[in-house]
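Engineer: I'd like to ask some things about the structure below.
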Amino acid sequence: MELFTKYYMEWKGGKKCDNISYANIPRFYYRLPAEDEVLLQKLREESRAVFLQRKSRELLDNEELQNLWFLLDKHQTSPMIGEEAMINYENFLKVGEKAGPKCKQFFTAKIFAKLLHNDPYGRISIMQFFNYVMRKVWLHQTRIGLSLYDVAGQGYLRESDLENYILELIPTLPQLDGLEKSFYSFYVCTAVRKFFFFLDPLRTGKIKIQDILACSFLDDLLELRDEELSKESQETNWFSAPSALRVYGQYLNLDKDHNGMLSKEELSRYGTGTLTNIFLDRVFQECLTYDGEMDYKTYLDFVLALENRKEPAALQYIFKLLDIENKGHLNVFSLNYFFRAIQEQMKIHGQEPVSFQDVKDEIFDMVKPKDPYKISLQDLINSSQGDTVTSILIDLNGFWTYENREVLVASDNDNTADVDDT
């Protein structure tokens with residue numbers, strides 16, 4: 001009993017511990033100011049602004065980048081490879097000494113080795129190194145720019161934060177000069193949805209700034225600074241004015257009663273108008289609707305999923321709709337449930353319905369799931385056939401394309417041969 005009391009009192013703090021380090025545990029938690037703590041919030045905002053300004057001053061400016069290029073060019077090591085100027089490690093270190101303290105982080109053995117590619121003289125390309133530095137500086141600048149909109153200061157952006165960032169970015173993008181200000185809110189919504197659809201799969205309502213920087217979406221958005229961007233590039237860039245106007249124009253064309261929302265009947269005319277009724281029923285069961293109708297934001301998720309069926313986030317969206325039993329996998333019953341609608345559409349169009357057993361066997365052969373009786377989302381993603389499988393189950397046009405793939409390939413080959421002959 002005495003031992004119990006002794007150890008219990010030590011545990012409760014009744015007796016001071018001899019180890020002095022226990023009295024100096026470093027602080028690891030800092031409480032965020034509450035909404036009513038206005039002064040603390042202002043202090044936090046000012047502190048973050050000063051911190052970001054200091055970080056910004058640590059970056060190379062245009063004059064310093066020009067000076068770096070001049071030094072690299074001056075210390076190039078012969079012979080050149082074609083028109084490619086090269087530099088060896090010795091001269092690389094000399095440039096590092098002369099370039100100033102801001103450049104010191106770039107002149108390391110690790111970076112030199114990373115850029116070394118089979119040069120017989122052990123040199124690296126000056127242009128590749130300079131592009132590496134430019135990319136790093138751009139990433140840090142963009143990180144600081146995005147952090148200014150991080151109201152919580154926790155390293156992520158909420159939907160409203162990213163909307164503010166893109167809205168203030170629009171005047172700096174020459175390719176968006178033609179947009180009317182009345183369309184800005186729809187453009188911002190269109191742009192932001194792509195970020196959140198692909199980078200927030202769990203629908204938490206926030207995205208890490210690191211994830212924004214790591215993906216290519218920001219590159220696509222900032223590509224609109226190029227005044228001479230080709231028409232083809234604009235058409236394939238989700239963030240371009242033609243693309244945003246196309247998506248919004250499709251939405252308006254589908255909205256026959258002009259109430260700003262889409263009913264199931266209106267959405268059924270999407271694309272080629274061959275999506276099955278059963279699939280559309282599932283869309284309106286699972287997705288956010290208002291009195292049974294879909295708004296523009298929900299429509300954007302729908303479009304992003306159907307236009308990017310190879311992407312994991314799009315497959316996750318469609319898989320959730322196909323998983324009618326909410327079991328996390330598709331079994332024969334699920335596949336048959338959706339394919340019956342394809343068979344019915346084939347009858348309506350005067351085509352001979354294809355046997356479900358044949359299609360089921362082909363789907364399992366394509367996916368090769370771990371469990372031979374059911375298909376998981378990961379199985380679909382790993383198979384690289386997710387886009388084909390989902391198209392077969394939800395879209396008559398997609399099924400027809402798959403069923404006639406050999407004829408279509410032969411036709412393409414014939415056309416190619418005709419072009420070559422001429």
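Engineer: Do you know the relative contact order of the chain, to the nearest whole percent, from alpha carbon pairs under 8 angstrom that are 6+ apart?
Structural biologist: Once normalised by length, the contact order is 9 percent.
Engineer: Show log10 I(q)/I(0) for the range 211-321 at q = 0.12, 0.14, 0.21 Å⁻¹, two decimals, from a solvent-free Debye sum over equal Cα scatterers.
Structural biologist: The calculated log intensity ratios at q = 0.12, 0.14, 0.21 Å⁻¹ are -0.50, -0.66, -1.20.
Engineer: Calculate the spin-label point distance for Val38 paired with Arg405, positioning each point 7 Å from the Cα along the beta-carbon direction, and give it in nanometres.
Structural biologist: 6.5
Engineer: If the convex hull of the alpha-carbon atoms of the range 63-137 is projected onto planes in all directions, what is the mean projected area in square nanometres?
Structural biologist: 4.7
Engineer: Also: With a cut-off of 8 Å between alpha carbons and a minimum separation of six or more residues, what is the relative contact order of the range 1-141 in percent?
Structural biologist: Numbers: 88 pairs, mean separation 26.2, N = 141.
Rounded, it is 19 percent for the range 1-141.
Engineer: Same structure, new question: Loop-only check: which chymotrypsin sites (Phe, Trp or Tyr not before Pro) in the range 102-150 are DSSP coil with at most 14 other Cβ within 10 angstrom?
Structural biologist: Loop-located and lightly packed - Tyr121.
Engineer: Shifting gears a bit: Calculate the spin-label point distance for Asn326 paired with Arg143, positioning each point 7 Å from the Cα along the beta-carbon direction, and give it in nanometres.
Structural biologist: Result for the modelled spin labels: 4.2 nm.
Engineer: When the helices in the chain are scored as -39500 (n - 2.57) per DSSP H run of 4 or longer and the sum is shared across all residues, what 222 nm value do you end up with, to the nearest 500 deg cm²/dmol?
Structural biologist: Taking each H run of at least 4 residues, the total per residue is -18000 deg cm²/dmol.
Engineer: Further, regarding this structure: Where a Cα-Cα gap under 21 Å defines reach, which lysines qualify for Lys264, not counting those fewer than 8 residues away within the same chain?
Structural biologist: Straight-line reach from Lys264, under 21 Å: Lys256, Lys297, Lys320.
Engineer: Tell me the Rg and the Dmax, in Å, that the Cα atoms of the range 345-397 produce.
Structural biologist: Values for the range 345-397 (Cα only, Rg and Dmax): 12.5, 38 Å.
Engineer: Now for a separate question. Please list, in chain and number order, the residues 5+ apart from Leu330 or on another chain whose amide H is under 5 Å from its amide H, with Hs placed from the backbone.
Structural biologist: Amide H neighbours of Leu330, under 5 Å, 5+ apart: Ile375, Ser376.
Engineer: Let me ask something else about it. Quote the relative contact order of the range 89-147 in percent (integer), defining contacts as alpha-carbon pairs under 8 Å separated by 6+ residues.
Structural biologist: Contact order relative to length: 23 percent.
Engineer: Hey, with R₀ at 30 Å, roughly what FRET efficiency would Lys55 and Met9 work out to, going by the Cβ-Cβ distance, to 0.05?
Structural biologist: On the way: r = 50 Å, r/R0 = 1.65.
The formula returns an efficiency of 0.05 here.
Engineer: What is the ratio of the Cα radius of gyration of the range 23-97 to 2.2 N^0.38 Å, where N is its residue count, to two decimals? Intermediate values should be presented prior to the final figure.
Structural biologist: On the way: Rg = 23.3 Å, N = 75, 2.2 N^0.38 = 11.3 Å.
That works out to 2.05 for the range 23-97.
Engineer: Turning to a different aspect of this structure: Rank by packing, highest mean first: peptides 178-185, 371-378, with packing defined as the count of other Cβ atoms within 10 Å averaged across residues. Mind showing how you got there, number by number?
Structural biologist: On the way: 178-185: 11.0, 371-378: 15.6.
With the highest mean Cβ count within 10 Å placed first, the list reads 371-378, 178-185.
Engineer: Oh, and also: Could you give the nm distance between label points at Lys264 and Leu229, where each point is 7 Å from its Cα heading toward the beta carbon?
Structural biologist: Between Lys264 and Leu229, the label points sit 3.9 nm apart.
Engineer: Can you pull the percent of Cα pairs in the range 38-195 with separation above 24 Å? Display every interim value, and only then the final one.
Structural biologist: Values: 6574 of 12403 pairs.
Percentage above 24 Å: 53.
Engineer: Okay, moving on. Compute, for Leu167, the solvent-accessible surface of its heavy atoms (probe 1.4 Å) with the complete set of protein chains present, and express it in square angstrom to the nearest 10.
Structural biologist: 80
Engineer: Can you give me the accessible area per residue for the chain, using a 1.4 Å probe, in Å²?
Structural biologist: Spelled out: the 1.4 Å probe surface of the chain, per residue, equals 61 Å².
Engineer: Which of these, Val95, Val133, Val38, has the largest mean-square fluctuation under a Gaussian network model of the chain (Cα springs below 10 Å)?
Structural biologist: Val38
Engineer: Packing-wise, with mean Cβ within 10 Å as the measure, how do 49-59, 311-321 rank, highest first?
Structural biologist: Numbers: 49-59: 12.2, 311-321: 19.5.
Taking the mean over residues of other Cβ atoms within 10 Å, the ranking is 311-321, 49-59.
Engineer: Let me ask something additional. Using a Cα-Cα cut-off of under 20 Å, which aspartates and glutamates could be cross-linked to Lys374, ignoring same-chain neighbours fewer than 8 residues away?
Structural biologist: Partners within reach: Asp323, Glu325, Asp358, Asp361, Glu362, Asp365, Asp387.
Engineer: Quick one: among Phe356, Phe28, Phe333, which has the greatest mean-square fluctuation in a GNM of the chain with alpha-carbon springs under 10 angstrom?
Structural biologist: Highest fluctuation among the options: Phe28.
Engineer: Could you pull the Cα extents of the chain along its three principal axes, largest to smallest, in whole Å?
Structural biologist: Rounded to whole Å, the extents work out to 88, 81, 50 Å.
Engineer: Taking amide H positions as placed 1.01 Å from N in the peptide plane, with prolines and chain starts having none, which residues 5 or more places from Met294, or on another chain, fall under 5 Å of its amide H?
Structural biologist: Residues meeting the amide H criterion: Leu262, Ser263.
Engineer: Taking the alpha-carbon distance from Lys136 and a cut-off under 16 Å, which lysines remain once sequence neighbours fewer than 8 residues away in the same chain are dropped?
Structural biologist: Lys55, Lys102, Lys104, Lys110, Lys114
Engineer: Out of Tyr402, Tyr248, Tyr187, any idea which swings most in a Gaussian network model of the chain, alpha carbons joined below 10 Å?
Structural biologist: Tyr402
Engineer: Suppose every K and R has +1 on its Cβ and every D and E has -1 on its Cβ; what is the size of the dipole of the chain about the Cα centre, in Debye to the nearest 20?
Structural biologist: On the way: 49 positive and 66 negative charges, 557 e Å.
Dipole of the chain, to the nearest 20 debye: 2680 debye.
The values are calculated or read from the model by the stated rules, or taken from the named source; none is laboratory data. Since the model is a prediction, treat every value here as computed from it, not as a measurement. Note that each Cβ is placed from the backbone with ideal geometry, even for glycine, and that neighbours are counted across all protein chains shown. Only protein heavy atoms, including side chains, enter the accessible area calculation; ligands, DNA and RNA are left aside. Shrake-Rupley method; radii C 1.70, N 1.55, O 1.52, S 1.80 Å.
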